[in-house]
Amino acid sequence: MKKNLVKSLLLGCLIFVLAACGGKSSDKTTTKSSDGGELRIALSSSIATLDPISYTAVYESNIMRSIFDTLVTYNDDLTEIVPSLATSWKVSDDMKTYTFELRDDVKFQAGKYQDGRLMTATDVKYSLERSLNESSMNRIRNVKKITATSDTELTIELETPYAAFLAMLTDTGNAIVPKEEVEGWGDEFAQHPVGTGPYAFSKWVTDDYVKLVKNDDYWQAKPKLDSVKFTFITDTNMMGNALQSGDIDIATNISGQNVKLIKKNKSLTLSQSDGLSIGYLAFNMKSGPTKELKVRQAMSLALDRTELVNGVYKYGEATEAYLPLPKASWGYSKEVAQTVKDSSGPDISAAKALLKEAGYSDGFDIDLYVTEARVAAATIFQAQMEKIGINVSIKSVEWGTFSDTVASGKASMYIMGWSWYPDPDFFLYQMLDSNQIGALGNGGGYSNPKVDALLAQATSETSDQTKRTQIYEEALQLITADIPHLDLYDQDIIFGLSDKVTGFKPRADGTIVLVSDTTNVGLTE
C-alpha cells in the first residue's frame, strides 16, 4: 500500500524536470575521484540561521541538508519519496495514521552536550513536535499525536487526511535533532547545529562562510570530502569570476554573461535545467494603496513581463510567469495562465484609468523590498510603474532583514523567489493560505476563505492527482482574480561546476545534496 500511495501522491510524471537545457553534462562518471579535499560552494545570499525550525531560505537549507537528515527524502529527480532515517512506513486506509520503522544504527554527531549517541524514535518525536510548535514557516501541520512505540518505531496520527504529508516530512525544517544540544545551547543552537548528516558543523563567520567537516560515523556512506566550505557571494559577476579563477568549485544561481562564459570554459560545466522555482512581486493586502484591487489591477496592466524578463535574464535563464506555480509542478494550469496573460499589460492608458477610479490619479509613493539578487528586476519594475505615476523606492536589504520585514507584514511590496517540491501544496498553501499570514510565505497578508477551503480540500479529500489538479485549478482562478502577486518569471536551476567536482547531481528544487544512497560528491585527484 505504501508504494501505491507514494506514487499517487508524488506523481511520477515529472521525470522530465531535470532534463538538461544547455551546457555540458554534469555527469562525470568516467572521471576518477579520490577521498579528501575541501569542496567550496558559493551561495548567492548570506544566511540567518542553521536551526531547522527557523530557516526561511534555500540558502540555509542547502547547508543544513549536509548537517541533518529527515525521516524520508526525495529521490534525485523528485518523482518518488524514498527511505532515509526511516527504513519503511505504512499508511492506514483512512490516510490518518503513519507508522514508521527507523534505522537502529544512526548516531548524532558529537556535540557539546552529548558525545555522539544513537538516535531513537524519541528523538524523532521530539524534533517533529518542536517543528510543529515552533516552526517559523509552519513546515509541519495537521498532526494530532506522535508516539514513539519503541526505539525504532514511531506512529504519527493526523487530525485529517493530508495527501502531501510524506512530502512535508522531506523538508529540512523537519530534520531530526538531539534534545540535549537544542536545550543546552538554547537560542544559540542556530549557530551550533548538530544532526545526523554526513558533514558536521565546524565554523560560521557571519556574512563570509560556513565550514563543515566529514562525519566519520555517518550511517549511509563514508563521505568522500574532508570538508565543505559554503561561501556567500551576493554579486552575480563576482560569483562567476570566483568560479573561473578557481576560488570556488560550485557556483549557484548562475545568470547573466556568466552563462555564456562558463559554457565557453573547457574546465567548467554549466548545468541548466527546468526548475521548480518562481520569482514574484507580492503586494501588501492589508494596508496602503495596494490593498485596493483596482490599484493592483492597474499595476498589473503597467507591468511589461517581456521587458522585465529579457532585461534581467538576457541569456535564457528564465521565462515569463503568470501563476504562483512553476510550470514544472503537476498542478500548473495552462488555461488559467493563458487567462492571466490575456488580461495583462502593458496597457498604460487602461492602467492610468484604473488608478484614477481608485482615487490615485496622481499616483503615489511606495517602497519595494528586495535582496541584492533582485535589484535588477526591481529597477525595471520601478521604471515601468513610473509611467503611471507610481514612484517606487527600492529598499535593498540583506536576507535576515528582508525575511523579518516581510514575515511581519511591514513590506508594502516585495520581490522574492520560491522554490519547493512538485506538489502544489508547497507553493499555494505556503504563500496564499490565510493560516500562513505572519510567516514569510504569506507576508502580504492575503486571505480568501474560498481559497483556504479549496486548498484544504485538495489535500484532505483525495490523493488522486487528477482530482487534486482540478481543485487547484479552481483555486488558481480565484487567486489570480484577486492579484495578491504579480508573478514574474519561472527560473531555471543553473549551477556552474569545476570539472574537479565529481558525482554532483543538480535537482529541480535547487537543493544541494552531497551524500545520499545514489550520490557521494567528491573532487578529482
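Could you give the length gained on full extension between THR519 and GLU101, defined as 0.36 nm per residue of separation minus the Cα-Cα distance, in nm?
Answer, rounded to one decimal: 148.1 nm.
Magnitude of the Cβ-charge dipole of the chain, K/R +1 and D/E -1, about the Cα centre, nearest 20 debye?
About 840 debye.
Sorted by mean Cβ packing within 10 Å, highest first, what order do the peptides 325-331, 382-388, 110-116 take?
Final packing ranking: 325-331, 382-388, 110-116.
With a 10 Å Cβ neighbour count serving as the proxy for reagent exposure, in which order, fewest first, do HIS192, HIS485 appear?
HIS192, HIS485
Taking the alpha-carbon centroid of each part, what is the distance from the stretch 495-525 to the stretch 271-290 in angstrom?
Measuring centre to centre over Cα atoms gives 28 Å.
Would you mind ranking ASP425, ASP226 so that the residue whose beta carbon has the fewest other beta carbons within 10 Å leads the list?
Going from least to most buried by this count: ASP226, ASP425.
Principal axis lengths of the stretch 277-491 from Cα atoms, whole Å, largest first?
49, 37, 36
Roughly how compact is the stretch 388-433, stated as its Cα Rg over 2.2 N^0.38 Å to two decimals?
Output field value: 1.42.
Arranged by the count of other C-beta atoms within 10 angstrom, fewest first, what order do SER361, SER84 take?
Ordered by Cβ neighbours within 10 Å, fewest first: SER361, SER84.
Calculate the tail of P(r) for the stretch 212-278: the fraction of all Cα-Cα distances greater than 21 Å, expressed in %.
Everything past 21 Å amounts to 41 percent.
Expressed in nm to one decimal, what extension gain is obtained for the pair LYS112 and SER434 from 0.36 nm per residue of sequence separation less their Cα-Cα distance?
Stretched fully, the LYS112-SER434 segment lengthens by 111.9 nm.
Using helices alone, I'd like the mean residue ellipticity at 222 nm for the chain: each DSSP H run of four-plus residues gives -39500 (n - 2.57), total over residue count, nearest 500.
-9000 deg cm²/dmol
Pick out, from GLY116, ILE81, ILE248, the residue whose Cα sits farthest towards the positive end of the charge dipole of the chain, with +1 on the Cβ of Lys and Arg and -1 on the Cβ of Asp and Glu.
ILE248
Of all alpha-carbon pairs in the stretch 403-525, indicate the percentage at a distance above 23 angstrom.
47 percent
Under the 0.36 nm per residue contour assumption, what length would be gained going from the current alpha-carbon distance of ASP217 and ASP404 to full extension?
This chain segment gains 63.6 nm when fully extended.
Please report the spacing between the Cα centers of the stretch 413-454 and the stretch 182-214 in Å, no decimals.
Here the answer is 29 Å between Cα centres.
Give me the orientation-averaged projected area of the Cα convex hull of the chain, in nm², one decimal.
22.0 nm²
What residues of the stretch 380-394 lie in the reach of a label at ILE348, counting those whose backbone N is under 18 Å from a point 7 Å from the Cα along Cα→Cβ?
Zone members listed by number: 380-392.
Can you work out the FRET efficiency for the pair LYS260 and THR147, with r the C-beta to C-beta distance and R0 = 60 Å, to the nearest 0.05?
The computed FRET efficiency comes out at 0.60.
Amide H of ALA164: which non-local residues (sequence gap of 5 or more, or other chain) have their own amide H closer than 5 Å, using H built in the peptide plane?
Answer set, sorted by chain and number: none.
Rounded to whole Å and sorted largest first, list the principal axis extents of the Cα atoms in the stretch 473-525.
For the stretch 473-525, the Cα extents along the three principal axes come out at 56, 23, 13 Å.
When each pair of different Cα atoms in the stretch 41-123 is counted once in the 1/r mean, what is the Kirkwood radius in angstroms, to one decimal?
The Cα-based Kirkwood calculation yields 15.3 Å.
How charged is the neighbourhood of GLY288? Take every other residue with its Cβ under 15 Å from the Cβ of GLY288, and add Lys/Arg as +1 and Asp/Glu as -1.
Net charge in that neighbourhood comes out at +3.
How long is the stretch 215-345 along each principal axis, judged by its Cα atoms, biggest number first, in Å?
Here the Cα extents, ordered largest to smallest, are 57, 39, 32 Å.
Say each of ASP93 and LYS450 gets a label point 7 Å from the Cα, pointing the same way as Cα to Cβ; how far apart are those two points in nm?
3.7 nm
Can you list the residues of the stretch 194-212 with backbone N under 18 Å from a point 7 Å past the Cα of ASP235, pointing along Cα to Cβ?
It comes to 207-209, nothing else.
Alpha carbon centre of the stretch 155-170 versus the stretch 328-395: separation in Å?
37 Å
What FRET efficiency comes out for the pair VAL82/ASP226, r = Cβ-Cβ distance, R0 = 30 Å, nearest 0.05?
The value I calculate is 0.65.
Just to be sure I understand: of the beta bridges DSSP finds with both ends in the chain, what percent are antiparallel, rounded to 5?
Among the beta bridges of the chain, antiparallel pairing accounts for roughly 75 percent.
Taking +1 at the Cβ of each Lys and Arg and -1 at the Cβ of each Asp and Glu, which of THR405, VAL375, SER393 sits farthest along the dipole of the stretch 370-419 towards its positive end, judged by Cα position relative to the Cα centre?
The Cα lying farthest towards the positive end belongs to SER393.
Just for the stretch 277-491, what percent of DSSP beta bridges are antiparallel, to the closest 5?
Percentage antiparallel, nearest 5: 60.
Since every read-out is calculated from the coordinates, none of them should be taken as a lab result. All of these numbers come straight from a predicted model, not from anything done at the bench. Every residue, glycine among them, receives a Cβ derived from its backbone with ideal geometry; neighbour counts consider all protein chains shown.
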